[in-house]
Amino acid sequence: MNCIAAENHGIRLVLDAESLSLTICAQGEEWRTGGEGRVAFEDGRELFFREGKRVEHSLWKTGVGAGIRSRYAGFSLDGQPLGLGFETIVWVENESGDVFFEWMPINEDGPAVKAVYWPDAFSFEKDSSRWYSLLNLEQGLLIPNNWPEELGRIPFDGQLCSCAAYMPWFGQVRDGAGYIAINETPWDAGYQAEHPAGGPYTHLSWRWLPTLGKMDYRRRVRYVFRKDCDYNTLCKIYRDHVKETGLFTTLAEKAARNPRVNDLIGAAIVHKGIKTHVAEDSAFYDHEHPEKNDSLVPFSYRTQEVLHYRRKGVEKLYLHLDGWGQPGYDNQHPDYLPACNEAGGWEGFKELSDTMEQCGYLFGIHDQYRDYYFSAKTFDREFGLHAPDGSVFEMARWAGGRQTYLCATQAPYYVKRNFEELFRHGIHLKGAYLDVFTCNEPDECAHPEHRMTRKECLEYRAACFAYLTSRGILPSSEEVTDWAMKELVFCHYGPYDFMLRAPGSPKKGVPVPLFNLVYHDCLILPWPMDHGEGQEDYMLYALINGGAAYLDKDGAYPGIDGAFDDAAKDRELDEKIARYRIVADLQEKVAKLELVRHEFDETDWRRQKSVFADGTEVSVNLADGSFEIR
C-alpha cells in the first residue's frame, strides 16, 4: 500500500495514495473515510478525484499546524481533456488538535460544476443502538445505527442555512467515542445522510456548491474528536465554537437592547388571521368548492377575542396576525398594504392594535419579503432572482398564485417602506415575523445590476432583522438558524421534524434538542400544545425544552406547517390556559438559562430529562403523558 502519513498533536493522518481513503487516529480511536471524492457537473456527468492523471501528495506544515496536501489535475471526460485542477489539505491544528479538511479550486475550465462531494463519509457499520448519528434537522435528530425507519429525503436536499440544518454540523458517536464536523463555510454547502430501514449503518458526508457558477473559493470543515462523549458533549463543543466566532448572543443581551424581550418570556402565543384569498392559479385553489377559497374575519372580531383573553386572566400574550393586508394572506407581496378594507381598514386595524396596547399585550404581524408575486403592484421581473443563464424561476404553489423570488438585495428597502407606513397609521408593533428567511435556503442572483451570492443573501436578510430591532420591534421568522442568532429573538417554531408530519407518522430517529443544547438561552422557541387522542402530548416537548407555549394557533394552510385537524382544537379555552400556565411558569424561570444536559432512557427513549443551569430538572414520560419539574 502506497501511503503518506503525518502526525501532529498526537493525531495521526494516513492517506492511501491509490484509493484516497484516509485514516485518522485520534485518542486511541481510528476513523476511516472512503476515497469516493467526486465532482458532479450540471450536464449529469461526474468524475472521481482518483481519476486525475496528475495527482501529487506531500507533507504540509505551517506555524499553526501540519498535515497532508494533495493536488489534482489531468482530468478528462469522454476522452476530452479538462482544464480542471484543485487542491485538498487535511491538517491538524497545533493548539486544539482539531482536524481541518480544506478544498480549494485552482483551475475551473470545462463544464459547469454542480457540486463537489468531499470529504467522504466515515465507515460507520455496526448493528448497535450505541452507535448513533446526529443531524441538526430542525430541532435535532439522533439516529441509532439499528433504527427501524429509513431516513429518506431531507428538506432542501440537506442544504445548510435552512431547516435541514439549524446549525452547520453533524456528528457520530460509537460506544462513547465520537466526533463533531463543523462546516465553517456553510453558505454554499450541504450534507448527505443515508440510513436505510434497520440500518445497520448511517453515512454522513459533505458537498460543496458553486457560487454563481464557479467554485471560486476555499471550503473548510473542522472535525473535533473525543474519546469519551455523547451528544451533549458535541453540542457544548459547538456552543464554545459559536462563542469564539461571535454568533452567540444571549437573550439577556437582546433584552438589554430591547426590554420587550422580557415581556415575551412567559407570554401566551396566539396565532390568528384576517383575510384569506386563494388565487385561481394557486396549487391550493379548490375548484370543486370555490367558496372555500376566500374567508374573512373582521379586525373587530379579533379585538373582542383579545379582550376575552384578558377577561380570562391571561396577563401576558403575543398575537401573531396573518392576512392583515388588503390582498389577503400570502398575496401580492411585497406590496401588501393597505390594511384589509373589508375587515375594517386602517381604523379597524388600529383599534386592534390600540386594544393590544391597553391590555399590555404584544402585537406582531406576518410579512413576506422572499415570495415575489406577479400580481404585486410594483412587480418587475428584473428584480426577481436571475440564474447564471438569465432565467427566472416561477411557481404557483402558495395562495397568491404565480410568483418568483425577490432578490434579497431589494428586501431591506421594501421592509423599511412598508413598516414606516404602518408607523404612520399608528400601529403599535412589538414584533414582526419575516416569513421563510430562517427556514428556506439562501438564494443567489446573477443579474448584473444586483448580483448576490448566497452569503450576501443571508447578510441582506439579517439587515431586515436589524432594521426591526432599530425600531424597537422584536424580530422573528419561520424557524431558527444560527446565522441569524445576533438579531433573531423568537420564531414561529423550532420543532422536531416529526411534528410537521401527520400525527402518528413514524419517527426517523430519537428527537433530541440539539439546537436548544447550544442556544436555549439565546432564543425564545414557541411549542405546539396538541394532545389529541392517540398521539403524544406535545406540551411535554415544550417542558423538556423550557420553551414558550401556543395558546391558540390557526394554521395558514391545512395539513402542513404542523396544522392538522385533531381533538386539541376543540378543547375548552380554560383547559388551554391552564396548560399554557404550566409551561409559562417554567419558561419564566429558565428562559435565560443554559440547557446544560439532556438525556433519555436507552431502553425507552420516551423517558427523557433536561437539566438547566440553575439545577432545575424536568422529567417527562412521552408514553403515558406524565411529567415532573424539580
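The values are calculated or read from the model by the stated rules, or taken from the named source; none is laboratory data. Computed from a predicted structure; not experimentally measured. All Cβ positions, even for glycine, are placed from backbone atoms using ideal geometry, and neighbour counts span all protein chains on display. All accessible areas refer to the heavy atoms of the entire protein, side chains included, with ligands and DNA or RNA removed. Shrake-Rupley method; radii C 1.70, N 1.55, O 1.52, S 1.80 Å.
Using only Cα coordinates, the Kirkwood hydrodynamic radius of the range 313-450 works out to 16.1 Å.
The value of relative contact order for the range 59-205, using C-alpha pairs under 8 Å at least six residues apart, is 19 percent. Heavy-atom accessible area with a 1.4 Å probe sorts Ile182, Ile237, largest first, into Ile237, Ile182.
Would you work out if the range 424-525 is rounded, prolate or oblate? Take a ≥ b ≥ c from the square roots of the eigenvalues of the alpha-carbon gyration tensor; rounded if a/c is under 1.5, else prolate when a/b is larger than b/c, oblate otherwise. Since a/c reaches 1.5 but b/c is at least a/b, the shape of the range 424-525 is classed as oblate. Is the range 583-630 rounded, prolate or oblate when judged by the Cα gyration tensor, a ≥ b ≥ c being the square roots of its eigenvalues, rounded requiring a/c under 1.5 and prolate requiring a/b larger than b/c? Cα axes put the range 583-630 in the oblate bin. Using Cβ point charges alone (K and R +1, D and E -1), the dipole size of the chain about the Cα centre works out to roughly 1440 debye.
Probe of 1.4 angstrom, ligands and nucleic acids ignored: what's the accessible area per residue over the range 171-225, in square angstrom? Present the calculation step by step, with values, prior to reporting the outcome.
On the way: 1380 Å² over 55 residues.
Computed with neighbouring chains in place, this is 25 Å² per residue.
Projecting the Cα atoms of Phe612, Val92, His333 onto the dipole axis of the chain, where Lys and Arg carry +1 and Asp and Glu carry -1 at the beta carbon, places Val92 farthest toward the positive end.
For the range 139-250, calculate the relative contact order in percent as a whole number, restricting contacts to Cα pairs under 8 Å that are 6 or more residues apart. Here the relative contact order equals 27 percent. Rolling a 1.4 Å probe over the protein chains gives Asp614 an accessible area of about 70 Å². What is the distance in Å between the Cα centroid of the range 38-71 and that of the range 102-178? Result: 21 Å between the Cα centres. Taking the centroid of alpha carbons for each part, the range 281-317 and the range 432-496 are 27 Å apart. Rolling a 1.4 Å probe over the protein chains gives Leu212 an accessible area of about 30 Å². Taking the charge dipole of the chain about its Cα centre, with +1 at Lys and Arg Cβ atoms and -1 at Asp and Glu Cβ atoms, the residue from Leu234, Tyr309, Pro513 reaching farthest to the positive side is Leu234. Computed across the range 1-135, the Kirkwood radius stands at 16.1 Å (inverse of mean 1/r, all Cα pairs). Legend: distances between Cα atoms for Lys227/Lys609; Lys236/Lys316; Lys316/Lys455; Lys275/Lys508; pairs beyond 31 Å are Lys236/Lys316; Lys316/Lys455; Lys275/Lys508. Farthest toward the positive end of the dipole of the chain, out of Gly344, Gly67, Asn440, is the Cα of Gly67, where the dipole comes from beta carbon charges about the Cα centre. In the complete set of protein chains, residue-level accessible area for Thr233 is approximately 50 Å², probe 1.4 angstrom.
Using only alpha carbon pairs under 8 Å that are at least six residues apart, calculate the relative contact order of the chain and give it in whole percent.
On the way: 1525 pairs, mean separation 72.5, N = 630.
The normalised contact order for the chain reaches 12 percent.
Between rounded, prolate and oblate, where does the range 55-161 land on the alpha carbon gyration tensor, with a ≥ b ≥ c its root eigenvalues, rounded for a/c under 1.5, else prolate if a/b exceeds b/c? Please report the intermediate quantities before stating the final value.
Working: a/c = 2.34, a/b = 1.40, b/c = 1.67.
It comes out oblate by the Cα gyration axes.
For the range 191-295, GluC sites (Glu not before Pro) meeting the loop criterion (DSSP other than H, G, I, E, B) and having at most 12 other Cβ atoms within 10 Å: Glu280, Glu288.
Summarising the strand pairing of the chain, around 80 percent of its internal DSSP beta bridges are antiparallel.
Of the chymotrypsin sites (Phe, Trp or Tyr not before Pro) found in the range 124-211, none is in coil by DSSP with at most 10 other Cβ atoms within 10 Å of its Cβ.
Around Glu108, under 11 Å between beta carbons, what's the net of Lys plus Arg minus Asp minus Glu among the other residues? Working shown, then result.
On the way: positive: Lys214; negative: Asp109, Asp216.
Counting the neighbours of Glu108, the net charge comes to -1.
Per-atom-type breakdown for the chain gives carbon and sulfur 47% of the accessible area (1.4 Å probe, protein chains only).
Using Cβ point charges alone (K and R +1, D and E -1), the dipole size of the range 121-259 about the Cα centre works out to roughly 500 debye.
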